[in-house]
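Peer 1: Sharing a structure below in structure tokens format, with a few things to ask.
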Amino acid sequence: MIREIQAKTMLSHRKEPDPWFGYKYNMNIYRGCQHQCIYCDSRSDCYQIEDFNDVLVKVNAIPLLRKELASKRVKGTIGFGAMSDPYTQIERKYQLTRQALEVIAEFRYPIHMLTKSDLVLRDLDLLKRINEVFAIVSFTLTTVDDDLAAILEPQAPLPSARLRAMQTLVENGIPCGVMLMPILPFIEDTPENITSIVEATHQHGGSYILPALGMSLRGRQREYYYEKLNEHFPGLSEKYRRIYSDNYHCPPPNYRALENHLARLCKQHNIPLRVPRYTPPPQPEQLTLF
Ligand code: SF4
């Protein structure tokens, strides 16, 4: 179900930029996400989204964003896509992500866009304008196997489409990279999977990878994930229960070997395991009277 709501605020902010993603400000125009990845952490109890199948549209997002940016004194990277992909099907109708980018381009703020969708190409003109300041686009890839992704990320564009979109953005001067997260234990935790993602990133012009090998599991999200495991990978949820019990962090048993494998490959291809950061221009020196 789609519901229109009035938001009270648009930008949450941090004192220092997020050490992983580089966000100073964070924005979610939609609540709930139509991509419906079976592992999605946004489904967890703690976020108090009653039904993750519902998508709430913050219809006053644009005037609110304009008002908030006009009153900000510190420029910093605005992150899109932390809790809900900014480019799901509903964005085709509402175009709120596009309108938000128009406002951001006007205020000359940097952005870090996180998505699983090739719909981001629609906004290439605005990304180019914002990139006069700073714009990066990160595509999440947990596998490059389209058939497997269709099970794990049922409504999201396939990895092959994401990679083609990445290549087009890079060819147009927008730096792109890959969020290699999550890596689902006993499904995606093979050296071959990691190799194919790193190779594909390299071949399509990606210039960084941010990894989190393993997954997190907590209330409500865990139950949903196990339900889906039972549907598609019989017997696997029992294995998870045995190994991870109620743990939040669920690394694959071969975590260290995978980590070393990834580091070796990325070094070979000269791909840093870190998201590029926006650096504010130096302030002009103040003139003194004496
Ligand atoms: S795209 Fe991201 S926010 Fe949307 S369902 Fe998938 S993991 Fe969740």
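Peer 1: Among what's in the stretch 19-35 and is assigned to a loop (DSSP other than H, G, I, E, B) and open to solvent by less than 30 Å² (accessible area, probe 1.4 Å), pick the residue that is nearest to residue 154 (Cα to Cα).
Peer 2: The extreme case among them is 35.
Peer 1: A further question on this structure: Look through 277, 220 and report the one residue that is surrounded by fewer than 17 Cβ atoms within 10 Å (Cβ to Cβ), modelled with pLDDT under 95, among the basic types (Lys, Arg) and touching a Ser or Thr at 6+ places or on another chain (Cβ under 9 Å).
Peer 2: 220
Peer 1: Continuing with the same structure: Do the conditions hold for residue 272, that is, is it touching a residue at least 24 places away in the same chain (Cβ under 8 Å), in contact with a Phe, Trp or Tyr (Cβ under 6 Å, 6 or more places away or on another chain), outside any helix (DSSP H, G or I) and not aliphatic (A, V, I, L, M)?
Peer 2: Yes: the conditions hold for residue 272.
Peer 1: Return the residue satisfying two criteria in turn: it lies in the stretch 142-155 and is away from the ligand (no atom under 16 Å from the Cβ) and either assigned to a loop (DSSP other than H, G, I, E, B) or within 19 Å of residue 205 (Cα to Cα) (or both), and of such residues it is least open to solvent (accessible area, probe 1.4 Å).
Peer 2: 144
Peer 1: Residues being crowded, with 20+ Cβ neighbours inside 10 Å and modelled with pLDDT under 95: count how many of those fall in the stretch 8-18.
Peer 2: Of the residues in that region, 0 qualify.
Peer 1: Name every residue in the stretch 51-79 that is more than 16 Å from the ligand (Cβ to nearest atom) and in a loop (DSSP other than H, G, I, E, B), in order of residue number.
Peer 2: If the condition is that a residue be more than 16 Å from the ligand (Cβ to nearest atom) and in a loop (DSSP other than H, G, I, E, B), then 59, 60, 72, 73, 74, 75, 76, 77 are the ones that fit.
Peer 1: If the requirement is being farther than 21 Å from residue 22 by Cβ and touching a Lys or Arg at 6+ places or on another chain (Cβ under 8 Å), which of these qualifies: 163, 119? Write out each step before concluding.
Peer 2: Working: 163 fails: touching a Lys or Arg at 6+ places or on another chain (Cβ under 8 Å).
It is 119.
Peer 1: Next up: Filter the stretch 103-141 down to the residues that are assigned to a loop (DSSP other than H, G, I, E, B), within 18 Å of residue 168 (Cβ to Cβ) and touching a strand residue (DSSP E or B) at 6+ places or on another chain (Cβ under 6 Å) and list them by number.
Peer 2: 116, 141
Peer 1: Residue by residue through the stretch 80-102, note down the ones that are surrounded by fewer than 20 Cβ atoms within 10 Å (Cβ to Cβ) and in a loop (DSSP other than H, G, I, E, B).
Peer 2: 82, 83, 95
Peer 1: Evaluate the following for residue 90: is it more than 29 Å from residue 193 (Cβ to Cβ) and away from the ligand (no atom under 16 Å from the Cβ)?
Peer 2: It is false that residue 90 is more than 29 Å from residue 193 (Cβ to Cβ) and away from the ligand (no atom under 16 Å from the Cβ).
The values are calculated or read from the model by the stated rules, or taken from the named source; none is laboratory data. Note that the structure is predicted; figures quoted are calculated from it, not measured. All Cβ positions, glycine included, derive from the backbone under ideal geometry; neighbour counts span all protein chains shown. The accessibility values were calculated without ligands, DNA or RNA, using every heavy atom of the protein model including side chains. Shrake-Rupley method; radii C 1.70, N 1.55, O 1.52, S 1.80 Å.
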